[in-house]
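Written below as structure tokens is the structure these notes are about.
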Amino acid sequence: TFGGHGWDGVMLFAEAVKKAGSAEPKAVRDSLEKITNFVGVGGIFNFSPTDHNGLDASAFVMIEVAGGDWKILTK
């Protein structure tokens, strides 16, 4: 949903500012490019200097909730 994407954007920005120690745009950009394995609503984000989307096929997993536990499905 759009709410989830908005949440991911805000959380990613906050993480980038925290790691950069600054809200200066170039510092935030450089920091975002180093964020990996960030679990968001929309998937698992992995950014790089050449990938500003952060989501590829490996970002999405199927899960099953059984007995109150989350299990990643492999098949």
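Values quoted throughout were computed directly from the atomic coordinates according to the rules given, and no laboratory measurement underlies them. Model, not experiment: these values are computed from the prediction. Counting neighbours? That spans all protein chains shown, and the Cβs are built from the backbone with ideal geometry, glycine included.
Observations, loosely collected:
- Relative exposure of Leu55, Leu73, Leu12, judged by other C-beta atoms within 10 Å (fewest first): Leu73, Leu55, Leu12
- Sequence of Thr36, Thr74 once ranked by neighbouring C-beta atoms within 10 Å, starting from the fewest: Thr74, Thr36
- The rule of thumb for compact globular proteins, 2.2 N^0.38 Å, goes into the C-alpha radius of gyration of the range 34-73 1.38 times.
- Sequence-distant residues sharing a close amide H with Gly40 (under 5 Å, placed H): Phe45
- At the listed q of 0.15, 0.17 Å⁻¹, the Debye profile of the chain, built from one uniform point per Cα, gives log10 I(q)/I(0) equal to -0.58, -0.70.
- Neighbour counts of C-beta atoms inside 10 Å place Trp7, Trp70 in the sequence Trp70, Trp7, starting with the fewest.
- At full extension, Thr36 and Met11 could sit 7.7 nm farther apart than now, given 0.36 nm per residue minus the alpha carbon distance.
- Sequence-separation-based contact order of the chain, relative, with Cα cut under 8 Å and 6+ spacing, percent: 18 percent
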